[in-house]
Structure formats: C-alpha cells, structure tokens
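Please treat every number below as a calculation from the coordinates, not as lab data. Just so we're clear, the structure is a prediction, and the values are computed from it rather than from any experiment. So basically every Cβ, Gly included, is an ideal-geometry build from the backbone, and we count neighbours across all protein chains shown.
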Amino acid sequence: MNVEQRNHLLMCFRLTYLADSMVNWCPALGTVLANDEVKDGVSERGGHPVVQKKMRQWSMRISAFAERLLNGLEQIDWPENIKEIQRNWIGKSSGATVLFNIEGHEGQIEVFTTRPDTIMGVAFVTLAPEHPLVSSITTPAQKSVVDEYVAQAALKNERDRQVNAKEMSGVATGAFAIHPLNGQKVPIYIADYVLAGYGTGAVMAVPAGDQRDWDFAQQHQIEIPLIFDNHDASESACSSKDVPLINSDFLNGLCGKTAFDKAVEALAAEEMGEVKTNYRLRDAVFSRQRYWGEPFPVYFENGISKMIPTAELPVQLPEVDKYLPTEDGEPPLARSQWKYQNQFVMEYNTMPGWAGSSWYFLRYMDPHNDRFIASPEAMQYWGQVDLYMGGAEHATGHLLYSRFWTMILHDLGHVPFAEPFQKMINQGMILGRSNFVYRIKDSNTFVSADLRKNYTTQRLYADISLVDNDKLDTEKFKQWLPEYAEAEFILNEKGEYLCGFEIEKMSKSKYNVQTPDELVEKFGADTLRCYEMFLGPVEQSKPWDTKGINGVYNFLRRLTRLYKNEQGESLMTLTPADKTSLQTLHRTIKKVTDDLNRYSWNTVVSTLMIAVNELTEQKCHSKEVLQDLVILLSPYAPHLAEELWETLGNTTSVLDAHWPVANTQFLEDDTFSYPVSFNGKMRYNIDLDVHLDAKAVESAVLTHEKTAHYLEGKPVKKIIVVPKRIVNIVF
RNA sequence: GCCCUGGUGGUGGAAUCGGUAGACACGCAGGACUUAAAAUCCUGUGGCCAGUGAUGGCUGUGCGGGUUCAAGUCCCGCCCGGGGUACCA
C-alpha cells in the first residue's frame, strides 16, 4: 500500500477521522452542526433551516462506543429519564442483515431487519432515495420518474418528510431483487419512508408484519403474502411477535426467537445474512466553520493530515482580518493563510463547543499543570464528579460526549475512571405566577375574578407588581397602561378586585417576571437562598410564588433574636443548656445531616424552623446550643451565619467550623406515645416506656380504660405490636 | 403511538423501610399590644355531621379493583398533567 492508501485505511479506524459524509449544514449559521444540535430540521440555536450536504469533515467515532455508553448507564446514579433519553438516542436494535441479489445486475442490496423470521413474507424491497444503487439499477422506462422523485426528496428536509408521513410516497425502479431463500423475484421501490442514515438505507418490506410496509403496499396495490396464522392482513399488519408463521416453508408453525434463529441460520448457510446489532447513534461531526474554537493541531502534507509534534503544542489561533467565512465559503481561519513551517496548510476548521465541555471538570483538579490535563495524583484524589447538578437539555449532547471522552481517556490510561459523573440531579425550572384581569366584552369595565362567570369576559395579563395576594391595586392599574386609564371595576362583596392566576414560564410578555434583585434588596440574599430551598424538592419545577417568602424572612429574624436583642446586644449565655434544648439541638443535627445527605434541601429548612420555634419557646440562649445551630444554618444563610458566628465570639470563619455530630443520648425520649388502632383505625394514644417489650405493651394496651369501649364487647382476635411504632387490635 | 415522570387541604409542600395523613410555611379567621398603622405575639384552620362545651362520629392522598392486622406508599386496570422521542425497518 502506498502512503495515501494506508492513510485512507487508517481513517476507517481512527477515533477522530476525516471523511466525506452527509452533514447537517446550516447556511444561516455558516457551519455544520452535530445531530444533537438539530431539532425538528432546524438549528437548536436560532431555529435556522438545516440541509443535508456532503462535506469533508472531522468526525469522532462515538458509534464505536455505543454498547459501552449503553452499559455504563447501569453504573451511574442518574435520573431515570436522562438515562432513558440516552438509551433512545443510542438506539440499540437487534436483528440481522440480509443480502438480496439483483436481477441482471452485479450488485447486492443489504438490508437490516429486526424480523428475519418474516423473511418468507417479503413482498418488495425498498431503498432510500439517496441509496447508492438507485441510479444503476433503475430501468430506462422508470428513469424519469425515479430521477424526479430523488430530486424532490433531496429538496425536503427531515421535517417536510414527516409532514406527509401518512402518504407513503414512492416509485418503482423497474428492477427486481431475488429472494435469498426461495429465489422469487420481488420489485424494488424507492421511498422516503426509508432513511438513508439508518441501518443500511434499505429494507425488506413485509407488509403482513410491519405497518409502514403494509401502508405502502396498500397505497401501491402490492399483493400481501400472508405469513401469520389466523391473520388476514386486510385491516392492518400483524403487530404481535408471538403468532405462528404459515406459508413460510421451513419456518411454518414457529414463532419468536426460535423462528428468528432458524431463519438467520438458513441465511447464514447461503452466506446471504447474519445476526447484526444496529445502533441509531451516529458518529459526531467534530469540526466547525468558526473562528472561536480550539484549533486542530493538524496540518496537511500532500493532502494527508499530520499531527503537530507534541513538543510544539499548544497551537494558537492565528490573527484574521474578519471573523467571517471567506468569499468562497472557506472557514474564517482560511483568511490567515495559516501554514505550518511556512509550507504546509493548516486545518482551517475549529473544534465544536463540546470539545471543551467534555473534559473541563478534569482540568479543575489540577488547573496549573502545564504538562498534562491533570496529574495522576490529583485525579486519584478527586476522582469522579460526585454530584452533577444540571439540566436535562444536555442529555444527548454534552452529557453523552463527556462520558465518551472520559471512556477514551480511561482507555488510554490517563484517567482512573470511565464514567465522569457519578450522581446527577436535574434541578426543576422556576416558573412564574401570572395574574389576570377580566374585561367585560366590548367595554372598559373589569370584573373581579370571583364574579366573572356572570359575564362574557376577555382575560388579560396584569403586571404582578400591581397585585398583592391576587388583589389588584386598581389605581395603579389605571396608571399602568394608557388604555386602562379610564378603566372601571366591578368589585366583589369585600370591595376587592380579585385577579385570576396561572403558573407558567416567566416571560416579559406575561408581565410575570420577578427578578431576584428586588427580593435581595427587600429581604437580603440569605432569605432568597433559604426560600428557594424551602419551595420544594430541587428536582421539581415550581412556581415562583413570593407570598411565602415572608415566612422564611420571619424565620431568619426569629433565629437572630435567639442571638441578639433588638439593640444588637448579644443574648448568649455560657450556662449549660438544659436537657430539652439539647434534645432539640441533637435531633436537629441528625435530621439536617440526614436530609442533606439525601438532597432533601427543602425539609432542612423546615427542620431548622422547628428548632428555632422550640428554642424560642424554651428561651434558650446557651452558647453550646447556638454555636452548633449556626453551623447547621451556614450552607443556607451564609452571611447571617457568619455574622452570628462572630457574635458568639469566634474569630475564625464559620465555614471552617466542624460539622456537628448528633449525640445519640439526646435522640430518644424515655417514653413513646403509641397510637392504638382498632381494625386499622387509630383511636387513641398511650404513653409507654420505650424499653417495654411487645408483651408488656400488649398488656398495657389491653388494660387501658378506652380499649373495652372500642372493642364493643367483642373478643380480641389478634393484636399486633410494632415496638416504637404502632399497636393494632383486630377484633 | 412509545418511553420517562408526576397527581396529597384554599396555596407551596411533609410523611425517608407498609405503621398516627396533612410536618413546616403561606393564606384566611379571631384575639392581645397600639390613638392608629406597621412590627410582634397568642388561638383556630382538610371536608361533612352531632354537641352549649371539653369532645365524639363519619369521610378523606386523581378514579376503579386487589394484597395486608395496617396502603399516600405494594400489585392490576383506567383517567389527567408535565417532559422526552419517533416513518429506526
């Protein structure tokens, strides 16, 4: 092999390779896009049209990692929906490839099918319009219709194809395929329901067993071979996989895996088919026609790509006069006439955004290392990212590419783990709470929401700054917009104008945007922070309803009053805390610590509120309690915590304090209040010593004065005692 | 269509392993303090019914079944909301 041939062969195996491939070209953005950057046929950023175009581009062979990316999901603690999105994107599908000879033609058509067992039901073969064999097999008689269909299909983007999905368009090529097992001739069609980019771009059509094939056969009046027992195929294809086959020669009476295996075996014996696993995941285009991106450390010598020697790295972006493509469509870097050693043309494409986002977290471990990503010691010390908090929108992009790169670096021995992010939580979106006023049709009169049923009204947004607790400030409303200056109002019985509301995304046009700035100004950053935590579980989307923020504000002020009086003088005492206060403290330490560990941040705030309520009631100002309490508070209200920490006489930061440990001796009461149920219905509570065994609890309950009353004179059938939980009497 | 989620008071939510449903907070109602307001504090607050009252009864976690001494929690079948995804052969 000469150098060129060898290079070409290597490109077929390299992790990052140059190849002519169909790419998503976005003319408006002037660059190619990866599959995950295209949604519904338009660019994710900006929504510009995207067309398919053949271009020479760098790609990364992520498809070679499909199986590992799939299996790796079992090892990581991620939300199920993200795992599912990745599984679908990888799109593993088990089946077989089958070869069809073509009558009077040397080539073969390779199809991918998940149902080789239905091989005897093949009625026709369909190629994608872009399939390479189309032009050579088409008969002269069909040439004009085929050419026209191919040309039309090329003009349609994926979105257009889907719009007329029900039509099942397609045309015959005039050519015939030879069935690999029974030698029968079946017609070859082209149709855009077959996608060039998936499988082999060709399918064996079995209308009796596949709904799309059935639809196509119906549309084009193709006879349907019946191959399923008790299924007449006049209404639809047979959707079940467990129906015995008929009219299928050696497969008759079989179904499921048995039939699958036997069919593949027969095909393999003829060398006309084999088991194949197919993935939807495509290799990822790795070059962009942009200036701002990492440059490739690559130059070209006689058309062959070569790496810049490691010792000469890093490669720096050259200066250009404009950050725009050249007049003849070359990437911006081409403006620089950039050359290596003044003679070899450099690669003018740059890397995409995901080149950097795939590994930046590794760099955090050792940011000043100028030899390597991070030292082995640093990587060993820090290990995987323990918790990744982020949005689900990166599921098929960044979150997949990061896993891919980490696997590569792990394989190369550079990183001690194969999965980058051990645990992930998707935070929910904070939604707005819009307010509405109701204008009576064809008038300038607005009716209170509770009375609007009596009128025909039009619902209009009212700026939330004009509304307090759903009550509209009618005077402010009139001043708000000129069109409302003369507005009149129908008030409810209480003389108030009540607004309607809805929970939706925040948006200027909905007048429901509440910026944190106003709240920080009014309540302080600590209150805002605590309130955001208090709203509900982090994973949940939730309304930004600011009504409740007062409650959190009050809590922090109540807490402060344990430490200082109104004049700012310390109330702290050095006398030992009494047992009740220590119980409050240690139960709080335990609950807060447990809740933090299970990411239940909203209940941490509740727990601290309960502690403050209890300590206020106990009039506890003991340093021994207050000191630990302020540490528990510090992740939630860091500024206040720091201030109170200082009030207690500390000279270091609260952030350096040790997290308190709950003392078990204060966690339990001497007595437990047993709920006593009769036939599962809770009737009364009885305080008993916690150390009593089940037998003793049982007799205490049975002799209790109320028990006889609830038994209604009937005998006890059974009594269940769960120590420190419940007693249930069955009668 | 398929996949993943979720559904609990007037509101946000709690109930972690099948064991007292509604913690905590908002809101609301009543009260104290105040010339008044704010702030603060106290009491009550799922629904229905009975009682002057303490209290008692029934009912209740989207709907219908089931398992269990015991179900918001587990199982089966539905309904509705949110998100993802698809001519994937």
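Of interest is the spacing of the C-alpha centroids, which for region A:219-258 and region A:261-327 amounts to 43 Å. Our compactness index for region A:379-460, the C-alpha radius of gyration over the empirical 2.2 N^0.38 Å, is 2.24.
Can you compute the FRET efficiency between residue A:319 and residue A:56 using 1/(1 + (r/R0)^6), with r the Cβ-Cβ distance and R0 = 22 Å? Round to the nearest 0.05. The formula returns an efficiency of 0.30 here. In order along region A:134-145, the Karplus-derived 3J(HN,Hα) couplings, from 6.51 cos²θ - 1.76 cosθ + 1.60 at θ = phi - 60°, round to 3, 5, 7, 8, 5, 6, x, 4, 8, 3, 5, 5 Hz, and Gly and Pro are given as x.
Local charge sum around residue A:474 (other residues, Cβ-Cβ under 10 Å, Lys/Arg +1, Asp/Glu -1)? Each step should come with its number before you reach the end.
Numbers: positive: A:471, A:476, A:478; negative: A:473, A:475, A:488, A:496.
Its environment carries a net charge of -1.
For the peptides A:717-730, A:169-182, A:314-327, the ranking by packing is A:169-182, A:717-730, A:314-327, with the highest mean count of neighbouring Cβ atoms within 10 Å listed first. Karplus-derived 3J(HN,Hα) values for region A:16-32, using 6.51 cos²θ - 1.76 cosθ + 1.60 with θ = phi - 60°, are 10, 9, 9, 7, 6, 9, 6, 10, 7, 9, 10, x, 5, 8, x, 8, 7 Hz; glycine and proline are entered as x. Between residue A:475 and residue A:15, the simple spin-label model (points 7 angstrom out along Cα→Cβ) gives 7.1 nm.
Please report how far the C-alpha centroid of region A:705-731 lies from that of region A:100-129, rounded to the nearest whole angstrom. Taking the Cα centre of region A:100-129 as reference, the centre of region A:705-731 is 73 Å away.
Using a ≥ b ≥ c from the Cα gyration tensor of region A:559-643 (square roots of the eigenvalues), is it rounded, prolate or oblate, where a/c under 1.5 gives rounded and otherwise the larger of a/b and b/c decides, a/b for prolate? Provide the component values of the computation, followed by the final result.
Numbers: a/c = 2.09, a/b = 1.39, b/c = 1.50.
Taking the square roots of the gyration eigenvalues as a ≥ b ≥ c, region A:559-643 is oblate.
Using the Cβ-Cβ distance between residue A:643 and residue A:539 with R0 set to 22 Å, the FRET efficiency works out to roughly 0.10.
If you take the Cα Rg of region A:331-376 and divide it by 2.2 N^0.38 Å, with N the number of residues, what do you get?
Numbers: Rg = 15.2 Å, N = 46, 2.2 N^0.38 = 9.4 Å.
That works out to 1.62 for region A:331-376.
Projecting the Cα atoms of A:700, A:640, A:593 onto the charge dipole of region A:588-731, computed from C-beta unit charges around the Cα centre, puts A:700 farthest toward the positive end.
Which value, in debye to the nearest 20, describes the size of the charge dipole of region A:631-696 about its Cα centre when Lys and Arg Cβ atoms bear +1, Asp and Glu Cβ atoms bear -1, and nothing else is charged? Let's see the in-between values first.
On the way: 3 positive and 10 negative charges, 103 e Å.
Using Cβ point charges on Lys, Arg, Asp and Glu, region A:631-696 gives about 500 debye.
Given R0 = 45 Å, the distance between the Cβ atoms of residue A:442 and residue A:44 translates into a calculated FRET efficiency of 0.55. Rounded to the nearest 500, the helix-only mean residue ellipticity at 222 nm of chain A stands at -8500 deg cm²/dmol, with each DSSP H run of n ≥ 4 adding -39,500 (n - 2.57). Rounded, prolate or oblate: which fits region A:303-450 when a ≥ b ≥ c are the square roots of the eigenvalues of the alpha-carbon gyration tensor, with rounded for a/c under 1.5 and prolate only if a/b beats b/c? Oblate, since a/c reaches 1.5 and b/c is not below a/b.
Summing Lys, Arg as +1 and Asp, Glu as -1, what charge do residues with Cβ under 10 Å from the Cβ of residue A:588 carry, residue A:588 excluded?
Numbers: positive: A:587, A:590, A:591; negative: A:614, A:628.
That works out to +1.
Backbone geometry of region A:418-435 corresponds, through the Karplus equation with coefficients 6.51, -1.76 and 1.60 at θ = phi - 60°, to 3J(HN,Hα) couplings of 9, 10, x, 10, 5, 10, 9, 10, 9, 6, x, 7, 7, 9, x, 10, 7, 10 Hz, x marking Gly and Pro. The magnitude of the dipole of region A:346-434, with charges of +1 and -1 set on the Cβ of Lys/Arg and Asp/Glu and taken from the Cα centre, is near 320 debye.
Amide H to amide H distances under 5 Å link residue A:678 with A:683, A:729, where only residues 5 or more positions off or on other chains count and H is placed in the peptide plane. Considering only A:70, A:97, A:311, the residue lying farthest towards the positive end of the dipole of chain A is A:70, judged by Cα position with unit charges set on Cβ. In region A:665-731, inverting the average of 1/r over every pair of distinct C-alpha atoms gives 12.1 Å as the Kirkwood radius. Ignoring lysines fewer than eight residues from residue A:54 along the same chain, the ones with Cα atoms less than 16 angstrom from its Cα are A:156. Remark on region A:59-115: Rg and Dmax equal 17.1, 56 Å (Cα only). Here region A:593-646 and region A:14-82 have alpha carbon centers that stand 48 Å from each other. Placing pseudo-labels 7 Å out from each Cα toward the beta carbon at residue A:684 and residue A:518 gives an inter-label distance of 5.5 nm. For region A:262-337, the fraction of C-alpha pairs farther apart than 15 angstrom is 73 percent.
Do the alpha carbons of any pairs in A:471/A:547; A:564/A:619; A:53/A:83 sit beyond 20 Å of each other, and which pairs? Listed pairs above 20 Å: A:53/A:83.
Which value, in Å to one decimal place, does the Kirkwood hydrodynamic radius take for region A:1-146 when every pair of different Cα atoms is included? Numbers along the way, then the final one.
Working: mean 1/r = 0.0513 Å⁻¹.
After inverting the pairwise mean of 1/r, the radius is 19.5 Å.
Rounded, prolate or oblate: pick one for region A:580-731, where a ≥ b ≥ c are the square roots of the eigenvalues of its C-alpha gyration tensor, a/c under 1.5 means rounded, and failing that, prolate if a/b is larger than b/c, else oblate. The shape class here is prolate. The residue among A:390, A:584, A:136 whose Cα reaches farthest toward the positive pole of the charge dipole of chain A, with charges on the beta-carbon of Lys, Arg, Asp and Glu, is A:584. A cut-off under 13 angstrom between Cβ atoms defines the neighbours of residue A:667, and their net charge, with Lys, Arg +1 and Asp, Glu -1, is +1.
The three principal axes of the Cα atoms in chain A give end-to-end lengths of 100, 83, 72 Å, sorted in falling order.
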